[in-house]
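Enquirer: Have a look at the structure that comes next, please.
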Amino acid sequence: MTDLSKLESANTAIIGSATTVADLETARIEILGKSGNVTLQLKTLGSMSDQERRERGPLVNQLRDRMIEYIARRKAELEAAELDTKLAAERVDLTLPPPPERRGRVHPTMQVLDEMIAIFAEMGFGLAEGPDIEDDFHNFTALNFPPKHPAREMHDTFWLPQDAHGERKVLRTHTSPVQIRTMQRTNEKLPGWIANGQEPPIRVIVPGRTYRSDSDATHTPMFHQMEGLVIDKAIHMGHLKWTLDTFIGRFFETPLVETRFRPHHFPFTEPSAEMDVRCDRSGGDVKIGQGDDWMEIVGCGMVHPNVLRNCGLDPDVWQGFAFGFGIDRLGMLKYGMPDLRDMFASDVRWLEHYGFSAFAAPNPATGLS
Ligand code: DAH
């Protein structure tokens, strides 16, 4: 018997006597591992003369191949045997209750957003969207913010670094730039989801993220707004008031919520107003319709003639109103969260408490679950 055939029968015996997959792995390392007995044989080839290597090389390599194959075959046998043993030993008790499943919750902002969309959709509003990173033109200039005017600073804007064309984009400070995108047709090649030039009459809502460098109990650097825009003939402030009051009644599911309109200034509306909802924030929770606090939830007004002109619409023919809601703020009021910052702190305990089941019964006011 040559030394190689002795080695082969010894190895075959080791492999054959392995009774578990783990044993077999130990045998494999002994044979084919870094310093396994066949590996060492392969290593000796390097120091042989050409003549010797030509003779012995193929023999050692064939031995290695047979070992690999034999180990694989044995492994399949052992695995099948182990599975049989396991199947014979284990029983599945179908009467046991399933292990508790951890359910995700719908974030209050998304819940409120769905509720708002349902109510406005019923009033005939469509949806429009725009990008979070905006240019100065859409975020400010076309909305009638004069150049270099301090009003641009009223938003604590996050500016992006100057790009190669010397332009500084912004994280949009409000959803109002989508008003411009909705009214003004552009020849730019835009992705399909970005609003682009719709003929009046227009009736859209624009939900989205907005950004300002601001943080306290009612402000966070990222928050959500819902813009509304209506453009038609003979539209007046009465339509605006009716729309917002009707919305509030449906959203809070009671006609008793008290609102007030305060005169305000926005460059893109004339006249402009803010609407507040009466609430009580004294006890840690926010309660609507009672107390002496007012929470501002929407800015609004009649679209400024300059804005219409900037979008190619004749203000003597078309008029309209617009509004911009804080979506998260509405959530705070409706669901009693005292601090806006908690909404975005990603604290799972908070989300479990204030979040909504994705499979809840439909809300009778909105028909949404
Ligand atoms: N863009 C305003 C803000 O973020 C809110 C707003 C006010 C939107 C009046 C409007 C509007 O469309 O007409 O403070």
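Enquirer: Consider the stretch 197-221. How many of its residues are closer than 20 Å to residue 337 by Cβ and either part of a loop (DSSP other than H, G, I, E, B) or within 11 Å of the ligand (Cβ to nearest atom) (or both)?
Expert: Of the residues in that region, 8 qualify.
Enquirer: Checking the conditions here, which among 311, 300 is buried (at least 23 other Cβ atoms within 10 Å of the Cβ) and of a type outside the set (S, T, N, Q)?
Expert: Of 311, 300, the one residue that is buried (at least 23 other Cβ atoms within 10 Å of the Cβ) and of a type outside the set (S, T, N, Q) is 300.
Enquirer: For the stretch 211-221, give me the residue count where each residue is under 13 Å from residue 329 (Cα atoms) and either surrounded by 15 or more Cβ atoms within 10 Å (Cβ to Cβ) or aliphatic (A, V, I, L, M) (or both).
Expert: Adding up the residues that qualify gives 4.
Enquirer: Same structure again: Identify the residue in the stretch 282-304 that is in contact with a Pro (Cβ under 7 Å, 6 or more places away or on another chain) and more than 11 Å from residue 321 (Cα to Cα) and, among all such residues, is nearest to the ligand (Cβ to nearest atom).
Expert: The selected residue is 286.
Enquirer: Now, a different point. Go through the stretch 316-344 and give me each residue that's buried (at least 19 other Cβ atoms within 10 Å of the Cβ) and over 21 Å from residue 282 (Cα atoms).
Expert: Answer for the stretch 316-344, where residues must be buried (at least 19 other Cβ atoms within 10 Å of the Cβ) and over 21 Å from residue 282 (Cα atoms): 318, 319, 320, 321, 322, 323, 324, 325, 326, 327.
Okay, residues lined up against (1) within 13 Å of the ligand (Cβ to nearest atom); (2) at pLDDT 90 or above; (3) under 15 Å from residue 143 (Cα atoms):
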residue: 156; (1), (2), (3): yes, no, no
residue: 162; (1), (2), (3): no, yes, no
residue: 172; (1), (2), (3): yes, yes, yes
residue: 177; (1), (2), (3): yes, yes, yes
residue: 182; (1), (2), (3): yes, yes, yes
residue: 186; (1), (2), (3): no, yes, no
residue: 191; (1), (2), (3): no, yes, no
residue: 195; (1), (2), (3): no, yes, no
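Enquirer: For residues in the stretch 222-235 being part of a loop (DSSP other than H, G, I, E, B) and more than 14 Å from the ligand (Cβ to nearest atom), which is surrounded by the fewest Cβ atoms within 10 Å (Cβ to Cβ)?
Expert: The residue in question is 234.
Enquirer: While we're looking at this one, here's another question. Spot the failing condition for residue 322; the list is (1) within 16 Å of the ligand (Cβ to nearest atom); (2) modelled with pLDDT of 95 or more; (3) touching a Lys or Arg at 6+ places or on another chain (Cβ under 9 Å), and only one is missed.
Expert: (3)
The values are calculated or read from the model by the stated rules, or taken from the named source; none is laboratory data. Bear in mind the structure is a predicted one, so any value in this text is a computation, not a measurement. Counting neighbours? That spans all protein chains shown, and the Cβs are built from the backbone with ideal geometry, glycine included.
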